[in-house]
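Q: Sharing a structure, written as structure tokens. Questions coming.
The numbers here are math on the coordinates, done by the rules we state, and not lab data. Small disclaimer: the values here were computed from a predicted structure and weren't measured. Backbone-built Cβ (ideal geometry, glycine too); neighbour counts: all protein chains shown.
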Amino acid sequence: MASDGTKLIAGNRRAWRDYDVLEHFEAGVVLVGSEVKSLREGHVQLADAFARMRNGELWLEGVHIAPYQFAHGVGSHDPDRPRKLLMHRTELERLDARLAQERLALVPLRMYFKAGRAKVELALAHGRQKADKRQALAERDAEHEMRRAIGRQAKGME
């Protein structure tokens, strides 16, 4: 549990590899009861998820929240349904203008509980090509190797 009262439910490591993250946003998620219970158990997948503007509203699509084990019939939910995201109107308008102007994507980075409410951290991101992914991986490896060398030097091993 983080010191600011947030509890991580799920992260999207794939988004960090496939996109260059430009800006972060926080949005609330409209859920039904069985979805919340399933989230508390950590049964969510964000790997193929994205957010989309429709009719001035923001929707989260591609998120799979597994059905709650003890909810049957009327109490259960559709695991792959689009979920409405809650943000201030000014943020939505600014986001919509930026998405229309540039070729950017809205991808969820992580889902968490904050003060008992389900939130999703969205990123305004630019997609990477295969060569860009390789270059980023090479830069990360070079940075890691440099830190290891500095650590060895500080310990007097070299």
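Q: For segment 134-158 and segment 40-90, what is the separation of their C-alpha centers, rounded to whole Å?
A: Spelled out, the Cα-based centre of one part sits 40 Å from the other.
Q: Next up: Out of GLU41, GLU61, GLU102, any idea which swings most in a Gaussian network model of the chain, alpha carbons joined below 10 Å?
A: Highest fluctuation of the listed residues: GLU102.
Q: Please tell me which of these pairs span more than 25 angstrom C-alpha to C-alpha: LYS37/LYS84; LYS84/LYS133; LYS37/LYS119; LYS84/LYS114?
A: LYS84/LYS133, as the Cα separations exceed 25 Å there.
Q: Can you tell me which of LYS84, LYS37, LYS130 moves the most in a GNM of the chain? Springs connect C-alpha atoms under 10 Å apart.
A: Of the options given, LYS130 has the highest mean-square fluctuation.
Q: Along the charge dipole of segment 6-127, which of LEU85, TYR112, VAL30 sits closest to the positive end, that is, farthest toward it, with unit charges on the beta carbon of Lys, Arg, Asp and Glu (+1, +1, -1, -1)?
A: So the residue we want is TYR112.
Q: Let me ask something else about it. Count the net charge of all other residues whose Cβ sits under 9 Å from the Cβ of VAL30, scoring Lys and Arg as +1 and Asp and Glu as -1.
A: Taking every Cβ under 9 Å from that of VAL30, the sum is +2.
Q: Next up: Only residues of segment 38-60 count here: report those whose backbone N is under 17 Å from the spot 7 Å along Cα→Cβ of LYS133, or say none.
A: Under 17 Å, as judged by backbone N against the label point of LYS133, lie 46-50 of segment 38-60.
Q: Please state the equivalent ellipsoid semi-axes for segment 6-127: what are the square roots of 5 times the Cα gyration tensor eigenvalues, largest first, in whole Å?
A: Value: 25, 15, 13 Å, ordered largest first.
Q: Something else about it: List the residues, sorted by chain then number, that are 5 or more residues from TYR19 or on another chain and whose placed amide H is less than 5 Å from its amide H.
A: ARG128
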